[in-house]
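Please read the structure below before turning to the comments.
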Amino acid sequence: MKGTCTVILPTYKESANIVRMVETLRQMYPDFKVLIMDDNSDDGSRELVETLNDPMVRFFVREPRDRGLSASIFQGIMETDTEYFVNMDCDFQHPPSAIGDIYSELEDGADLCIGVRAERTALSPMRWMASWAAHFLAVLTLWLRNKKKSKDIMSGLFGGRTDTFKEVISRDSSEFEMKGFKALYDLMKFAPEDLHVKEIEFEFGTRRGGESKLSSTVILSLLRQSEPFGKILAKLAEKTL
């Protein structure tokens, strides 16, 4: 593998943030690659990135039929050619400064480092409740599978050893919730039991531009990911959402 680390940015209609984010990452981490996994945005995102003319930045246009945040992240990991990767949102709710802390933990021997939200006041009350409910279901699921846990399994800010998670994806992706929003959850469900997990805290910010992608589809996908009653609850929820 070449280089040290790739920052994966799964995007969909993030033209309000994408150039500022890429420029920030390249300035803060000049040796890191940036891989934008875009779900066929029609807002000019690709053209904006191409004007940067940066060989360390790659804009990957995904197949329309495979649209989905988790699917974008999984494919981004498979496209990564560096020893480590860090996945983060493009809307600045995940601070770019946290990448350095995650990278340090990976360099020190962690297989997976998770960004744990220190404060969740930036979430609306409904999203806050949904996040904690989802976390409870995730902890139960990982406990039943005898897998490593985290204080924030629903986090979208995490990094890992590329080879380790390429193997997980290659072997178990048929069991993943590809249309879901919580890729970390699936990766932890199928990762080795002896996975070395570390955590760093970060302040969860407010979105600087664009729109949130939260929907009832996300809630249903979280239920389907969870055991032992998640799939049953998802079917019941489908009748009310």
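The values are calculated or read from the model by the stated rules, or taken from the named source; none is laboratory data. Every value quoted in this text rests on a predicted model; they were computed, and no experiment measured them. No Cβ is skipped: glycine too gets one built from the backbone with ideal geometry, and neighbour counts run over all protein chains shown.
Counted as qualifying within the range 130-241 are the helices (runs of 4 or more DSSP H) with 2 or more residues that are modelled with pLDDT of 85 or more, namely 162-172, 183-190. Filtering the range 17-51 to residues that are of a type in the set (A, V, I, L, M, F, W, C), farther than 20 Å from LEU69 by Cβ and touching a Pro at 6+ places or on another chain (Cβ under 7 Å) leaves only MET28. When we screen ASN17, ASN53 for residues that are out of contact with any strand residue (DSSP E or B) (no Cβ under 7 Å at 6 or more places or on another chain) and more than 25 Å from LYS182 (Cα to Cα), the only hit is ASN53. Close contacts from the range 64-87, counting a first residue that is closer than 20 Å to ASP111 by Cβ and a second that is among the aromatic types (Phe, Trp, Tyr) and buried (at least 16 other Cβ atoms within 10 Å of the Cβ), with Cβ to Cβ under 6 Å and a gap of 6+ residues or different chains, come to ILE77/PHE85; ILE77/PHE165; ASN87/PHE158. Of the listed requirements (1) out of contact with any Gly (no Cβ under 9 Å at 6 or more places or on another chain); (2) at positive phi, GLY68 misses just one: (1). Scanning the range 41-64 for residues that are out of contact with any helix residue (DSSP H, G or I) (no Cβ under 7 Å at 6 or more places or on another chain) and closer than 21 Å to ASP172 by Cβ yields one hit, GLU63.
You will find that of VAL7, VAL61, VAL57, the residue that is of a type outside the set (Lys, Arg), more than 19 Å from ASP101 (Cβ to Cβ) and surrounded by 15 or more Cβ atoms within 10 Å (Cβ to Cβ) is VAL57 and no other. Number of residues in the range 69-90 that are buried (at least 22 other Cβ atoms within 10 Å of the Cβ) and of a type outside the set (Phe, Trp, Tyr) equals 13. When the range 154-185 is examined, which residues are found to be among the small types (Gly, Ala, Ser) and either free of Cβ contacts under 8 Å to residues at least 40 places away in the same chain or surrounded by fewer than 19 Cβ atoms within 10 Å (Cβ to Cβ) (or both)? The answer is SER170, SER173, SER174.
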